[in-house]
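For reference, the structure is listed below as structure tokens.
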Amino acid sequence: MKSRAAVLNEIERDSFDLCVIGGGATGAGCALDAQLRGLRTVLVEAGDFACATSSSSTKLIHGGVRYLEQAISKRDLGQYKVVKRALRERKIMLDNAPFLANSLELVVPCFSWLELYYFRIGMKLYDWISGRDLLFQSRHLSREESLHRMPMLKSDRLVGTIAYADGQFDDVRYNIALLQTFAKSGGEVLNYARVIGFKKNDDGQLVQARIHNVLSGQYLNIRARAFINAAGPFADGIRDLATPGVRQRLRLSKGSHILLPIDAMSIGDALLVPKTDDGRVIFAIPWLGRLLVGTTDEDVTLQDEMVVKEEEAEYLLKQLNRYLDRPLNKNQIVSGFAGMRPLVASSNFRKTKELIRDHEVEVDSSSGLISVLGGKWTTYRAMAEDAIDTVMQFLAMPAVPCITGNHRLSGAEGCSPNFWAELVRDYGISKETAKHLSQKFGTAAKEVLDLTKDNPQLKAPIAEVSPSVLAEVVYGVREEMATSIEDILARRTGLQYFSWEQAKVAAPAVGGIMASELGWSPGQQKDAIEEYGNKINRLMRLAGL
Ligand SMILES: Cc1cc2nc3c(=O)[nH]c(=O)nc-3n(C[C@H](O)[C@H](O)[C@H](O)COP(=O)(O)OP(=O)(O)OC[C@H]3O[C@@H](n4cnc5c(N)ncnc54)[C@H](O)[C@@H]3O)c2cc1C
């Protein structure tokens, strides 16, 4: 990515075909698709990239077995089509950035034969709908085999398990890889730039967005021929800025996750807990060296804070513990996160857990604002394709086919499962660091490590037991627009998700490097480190730790 100064200069000077509002999965997908189809595109994000819902997912690339169950039990063709399309997108997501995504075997424990047959048939159907995009066949594992693979499963009532395939990914880094690919294709991208209003022409159509540069406090304007609203849970706010008083479309549902040490449950596979107290499913999934458990589902408003609360952590553990012989406890929690699902409301009476995870592209005829509402991470690319098709129609341009279905993301070129070994050989780093860097950056890991040629001290870990190195901090600031300690520790390196405690320990070293990169004064550096530490302490307190 270019520097902020260079992007700001370009934005002021230029006029764009398309301005995308929101730097989560939906916005990043739309921006990349548009730029690749030849539209001069700019994307603005109010906070950091992926700072909202797109960093709070369960990290599954899936059609959704629960949605399939709903499709069948309610004979809902709409729900079936959503599952089918998502299964197609699952394969594309895996293929376009293999270093950030992998297939995963999930296991469903069954405590009665009836349950076992039910899931056996359901998963076969899931395989069948996947068609040529099937990752691998679902199968029945006997009680003995199940306990061998997952010794912690409650053994007294277990009759067997059903294993099936879905995808898993690093949501934040996938989001950043999309934006890097967009920037490399010639797009302009800026974080900490909030849309606060619009200017319209005599026909009432949007021609300019008013932006607040959150870091400098200054204001600027972006001129564009079309505007996409990809603000996720905040999309109704942008719709209201374009057409005051417009009917709200979104229902918001909060989902919390907790992370525990991977050996807490000694599993190599992911577990799907098929029944919770509120009639949903939860997952316990190995993810980047931790056990990720989630999620809750609760109606919320934009005013609710997206933090994991003690009762949510307890709820998740209670649901999971019903399936385990040795219960997990709250003191094992090392981190957590929460986010808001932006669901398109179809009626006031449906519960959020029953709303279809489909998307909608809405064109506001009075202002021309194109809003991309709802959806899920797995379908971000399909949502973008629909949105950019709509933009081309709106601009009365000849249709240009979408090419993102087969467009490798930045870092995927030349990447192989053993790429990490090249990094060990060429840069003399540990196997753990090499694996971590190739998982986060793909082949762009070499760009990170090239920084250590002039300054070998940047090979030092950012925290004692972490595979992340200081070079990632410099790279994050120079190439990925990171401007705060949290940008680095949560969304660039992922250490905050791995361990709240370790992130706190790493904050002074990260703050020191950021201070020299960004020209912070000693006072600013001290405040930034203190503020970050206080934030993490509060997250831990709220989660009951
Ligand atoms: C708990 C949970 C679990 C989930 N699990 C999965 C899963 O396993 N698999 C899956 O496929 N999907 C999952 N999802 C759904 C998926 O995460 C979301 O559908 C997706 O991330 C939404 O992306 P988005 O870009 O639309 O929204 P966001 O990521 O929220 O992005 C919108 C962005 O717009 C920005 N913005 C807001 N206002 C402005 C403004 N005025 N100016 C500029 N920018 C602005 C925000 O800062 C934000 O970054 C899950 C969601 C949740 C909450």
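The values are calculated or read from the model by the stated rules, or taken from the named source; none is laboratory data. Just so it is clear, the model here is predicted, and its values are computed rather than measured. Quick reminder, even Gly has a Cβ in these numbers, built from the backbone with ideal geometry, and neighbours come from all protein chains shown. Just so you know, the surface numbers come from the protein's heavy atoms only, side chains and all, with ligands and any DNA or RNA stripped out. Shrake-Rupley method; radii C 1.70, N 1.55, O 1.52, S 1.80 Å.
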From the cross-link list K91/K309; K84/K200; K254/K431; K91/K440; K200/K254; K184/K459, the entries with a Cα-Cα span beyond 29 Å are K91/K309; K84/K200; K254/K431; K200/K254
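Can you compute the charge dipole magnitude of the range 369-425 about its Cα centre, using +1 on each Lys and Arg Cβ and -1 on each Asp and Glu Cβ, nothing else charged? Give it in debye, rounded to the nearest 20. Can you show the working numbers first?
Details: 4 positive and 5 negative charges, 34 e Å.
Computed about the Cα centre, the dipole is about 160 debye.
What whole-number value in Å² describes the accessible area per residue of the chain for a 1.4 Å probe? Don't skip to the end; give the middle numbers.
Working: 21630 Å² over 545 residues.
For the chain, the solvent-accessible area averages 40 Å² per residue.
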Determine the sum of side-chain charges near A384: Lys and Arg each +1, Asp and Glu each -1, restricted to other residues whose C-beta is under 12 angstrom from that of A384. -3
Pull up the cross-link candidates among the aspartates and glutamates for K446, meaning alpha carbon to alpha carbon under 16 Å and not fewer than 8 places away within one chain. E413, E422, D426, E432, D454, E472, E479, E480
If the cut-off is 17 Å between C-alpha atoms, which aspartates and glutamates fall inside it for K199, apart from same-chain ones fewer than 8 positions away? E12, D14, D17, D240, D364
Inter-site label distance for I262 and D454 at 7 Å from Cα along Cβ, in nm: 3.5 nm
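Quick check on the range 150-246: take the gyration tensor over C-alpha atoms, sort the square-rooted eigenvalues as a ≥ b ≥ c, and tell me if it's rounded (a/c under 1.5), prolate or oblate. List each step's numbers first, then the result.
On the way: a/c = 3.23, a/b = 2.36, b/c = 1.37.
Prolate.
Please list 531-542, 429-440 highest first by mean number of surrounding beta-carbon atoms within 10 Å per residue. Don't skip to the end; give the middle numbers.
On the way: 531-542: 16.2, 429-440: 20.7.
Order by mean packing, descending: 429-440, 531-542.
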Aspartates and glutamates near K154 by alpha-carbon distance under 16 Å, same-chain residues fewer than 8 away left out - which ones? E115, E144, E145, D269, D325
Using alpha carbons only, how many angstrom separate the centre of the range 246-306 from the centre of the range 4-18? 39 Å
At 7 Å along Cα-to-Cβ for each site, give me the label-to-label distance between R157 and R13 in nm. 6.8 nm
Tell me, what is a quarter of the convex hull surface for the C-alpha atoms of the chain, in nm² with one decimal? 24.5 nm²
The range 90-126 scanned against label point 7 Å out from S416 along Cα→C-beta; backbone N under 16 Å for 98-99
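About the Cα centre of the chain, what is the dipole size in debye to 20, counting +1 per Lys and Arg Cβ and -1 per Asp and Glu Cβ, all else neutral? Don't skip to the answer; put the middle values down first.
Numbers: 67 positive and 66 negative charges, 186 e Å.
It works out to roughly 900 debye.
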Dipole of the chain, positive direction: furthest Cα of F441, L116, C19, with charges on the beta-carbon: L116
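What's the Cα-based Rg to Rh of the range 147-202, Rh via Kirkwood?
Working: Rg = 23.9 Å, Rh = 17.1 Å.
When Rh is taken as the Kirkwood radius, the ratio is 1.39.
Using a cut-off of 10 Å between beta-carbons, work out the net charge of the residues near L250 (Lys and Arg +1, Asp and Glu -1, L250 not included). Can you show the working numbers first?
Values: positive: R239, R249, R251, R341; negative: D236.
With Lys, Arg at +1 and Asp, Glu at -1, the net is +3.
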Provide, in order from the shortest bin, the percent of all Cα-Cα pairs of the range 60-178 in each 5 Å bin, continuing until the bin that contains the maximum pair distance. 2, 11, 19, 19, 17, 15, 10, 5, 1, 0
Whole-percent carbon and sulfur contribution to the accessible surface of the chain (1.4 Å, no ligands, DNA or RNA) stands at 52 percent
Charges on Cβ only, +1 for Lys and Arg, -1 for Asp and Glu, centred on the Cα centroid of the chain; of V344, G237, L147, which one is farthest towards the dipole's positive end? L147
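Roughly how big is the range 331-477's charge dipole about its Cα centre, with Cβ charges of +1 (Lys, Arg) and -1 (Asp, Glu), in debye to the nearest 20?
Working: 15 positive and 17 negative charges, 108 e Å.
The calculation lands at about 520 debye.
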